[in-house]
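Heads up: the structure comes next, in structure tokens.
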Amino acid sequence: MKDVFKGRDLLSIADFDRAELYFLLEHAEVMKEQRKNNNLKKSLLGKGVALIFEKPSTRTRLSFEIGVYLLGGHPVYLNPSEMQLGRGETIEDTGRVLSRYVDAIMIRTFEQETVERLARASSVPVINGLTDQEHPCQILADLMTIRELKGFSPAMKLAYLGDGNNVAHSLMLGCAIVGIDITLSCPPSYGPDSRILDRALGLASSSRVQVVEDPLEAVVGAEVVYTDVWVSMGQEDEEDRKARLKPYQVNRELLDGASPQAIVLHCLPAHRGEEITDEVIDGPQSAVWQQAENRLYAQMALLDLLLG
Ligand code: CP
Ligand code: NVA
């Protein structure tokens, strides 16, 4: 199975099928164990990975930098404002040149089309580190965390509350692929992109994908309750977002409507008091720190499979 990953890109979580996602998640668990036992194999020895960030990042940057280092490779953080990319060099030419120096490129940017153009022009794997449309690396860590804490039991239900954008899109696709029931609850006009919803519906062979307006309806029976910020990077100018999203806050009352064993996930950074309360994120059902930690292992597994 390992060989099917070599040289591929990860632009959307739907680039992997169910068997591939399961394989990758198992590999991530093994690597987590190996790291704890200090016996990781240096599978990226002599390899370089370029990390381009057009938006801020804490987790993605750190987990990629440390992950590459732990596997014996060399990460190079690149800020477009200090690159020729910021002065008009095209994304294609950037990809052609970087492909001659490094063994993989991770990029965090605005438009999905930018990562697609970069991938077409590059001869090395390109990894989407978040666009306005998707956040596949996040979902690898989320699925890993769900598997660790809950297993992938048939008909398990996840409820996502809030803004139906990048993280919600990838989560919807990822759940559809692995067979978790997902209900998105978003205010009118903050729902997911209809093309991505259709794609998820088409991928869901053994699970349900649905969008409802009422957050209390969405959480009934949910084993996993997930939320994300109300104001994503690049959306800071949209004034009325917070007021429209207020009824979707993950607070004690909402969580009481989910399964008593529900875990709470958040991709982070959290805006405490907005999409999630202190009581919930710091409470016993919160798994957000384990989720953030798993970014490291999920991406190490990804890099090992694409390049190792
Ligand atoms: N969840 C996530 O991608 O966090 P950063 O923006 O800190 O990378
Ligand atoms: N939806 C958020 C995710 C941050 C990791 C954003 O795009 O800012």
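Bin width 10 Å, alpha-carbon pairs only: give the P(r) of segment 163-213 as whole percents, running from 0 to the bin holding the largest distance. Bins of 10 Å from zero give 30, 60, 9 percent of pairs. When the chain is treated as a Gaussian network with alpha carbon springs shorter than 10 Å, the biggest mean-square fluctuation among S122, S170, S232 belongs to S232.
Entry note, segment 103-144: relative contact order of 40 percent, from Cα contacts under 8 Å with a spacing of 6+ residues. Between Q290 and N38, the modelled labels are 2.6 nm apart [label points 7 Å from Cα along Cα→Cβ].
Using 0.36 nm per residue, how much length does the chain from D17 to V212 gain when fully extended, once their Cα-Cα distance is taken away?
Result for the pair: 67.6 nm of gain on full extension.
Over all pairs of different C-alpha atoms, segment 99-155 has a mean inverse distance whose reciprocal, the Kirkwood radius, equals 12.9 Å. Counting only Cβ charges, +1 for Lys and Arg and -1 for Asp and Glu, the dipole size of segment 1-75 around its Cα centre is about 340 debye. For D163, the amide hydrogen comes within under 5 Å of the amide hydrogens of D228, counting only partners 5 or more places away or on other chains and with H modelled in the peptide plane.
In the elastic network of the chain, a GNM with C-alpha springs shorter than 10 Å, the most mobile of N294, N38, N128 is N38. Of all aspartates and glutamates in the structure, the ones whose alpha carbon falls short of 12 Å from that of K150, not counting any fewer than 8 places away in one chain, are D142, E223. Across segment 228-308, how large is the tail of the calculated P(r) beyond 18 Å, expressed as a percent of all Cα pairs? Tail fraction, whole percent: 53.
Protection proxy ranking, highest mean first, for peptides 64-71, 148-155: 64-71, 148-155, where packing is the per-residue count of other beta-carbon atoms within 10 Å, averaged. Computing FRET efficiency as 1/(1 + (r/R0)^6) for Q261 and L45, where r is the C-beta to C-beta distance and R0 is 45 Å, gives about 0.60. One Cα centroid belongs to segment 9-60, the other to segment 287-308; the line between them spans 4 Å. Note on the chain: Cα-Cα pairs beyond 34 Å make up 19% of the total pair count.
Using just its DSSP H runs of length 4 or more, each adding -39500 (n - 2.57), the chain gives a mean residue ellipticity at 222 nm of -12000 deg cm²/dmol after division by all residues. Rounded to the nearest 20 debye, the dipole magnitude of segment 200-259 is 180 debye, with +1 charges on Lys and Arg beta carbons, -1 on Asp and Glu beta carbons, and the Cα centre as origin.
What residues from segment 108-126 fall in the zone where the backbone N is under 14 Å from a label point 7 Å along the Cα-to-C-beta line of R195? Residues 111-117 qualify, since their backbone N sits under 14 Å from the label point.
Its Cα gyration tensor gives segment 116-207 an equivalent ellipsoid. The semi-axes, each the square root of 5 times an eigenvalue, are 23, 17, 12 Å from largest down.
The share of alpha-carbon pairs in segment 41-108 lying farther apart than 15 Å comes to 52%.
For segment 75-117, the Kirkwood hydrodynamic radius comes to 11.0 Å, computed from all pairs of different C-alpha atoms. Considering only E89, E223, E33, the mean-square fluctuation computed in a Gaussian network model of the chain, springs between alpha carbons under 10 angstrom, is largest for E89.
Between segment 184-212 and segment 117-151, what is the separation of their alpha carbon centroids in Å? That distance is 19 Å. Within straight-line reach of K41, meaning a Cα separation under 19 Å, sit the following aspartates and glutamates at least 8 residues removed in sequence or on another chain: D3, E26, E29, E33, E65, D103, D304. In straight-distance terms, cross-link reach from K47 covers every one of the lysines whose alpha-carbon lies under 24 Å from its own, apart from those fewer than eight places away in the same chain; here that gives K2, K6, K32, K36.
Per q in 0.11, 0.19, 0.20 1/Å, what log10 I(q)/I(0) does a Debye calculation on the alpha-carbon atoms of segment 171-308 return? For segment 171-308 at q = 0.11, 0.19, 0.20 Å⁻¹, log10 I(q)/I(0) is -0.45, -1.29, -1.37. Looking at segment 30-112, the trypsin sites (Lys or Arg not before Pro) that sit in a DSSP loop and have at most 16 other Cβ atoms within 10 Å of their own Cβ are K41, K42, R100.
For the pair R244 and V30 in one chain, pulling the backbone fully straight at 0.36 nm per residue adds 72.8 nm over the alpha carbon distance.
Placing +1 on each Lys and Arg Cβ and -1 on each Asp and Glu Cβ, with no other charges, gives the chain a dipole about its Cα centre of roughly 1200 debye. Amide H contacts of I52: L78, M106, I107, R108, each under 5 Å away and 5 or more positions distant or on a separate chain (H built 1.01 Å from N in the peptide plane; Pro and chain starts excluded).
Bear in mind that the values in this text are calculations on the coordinates, not laboratory data. All values reported here derive from a predicted model rather than from experimental measurement. FYI the Cβ positions are ideal-geometry reconstructions off the backbone, even for glycines, and counts take in every protein chain you see.
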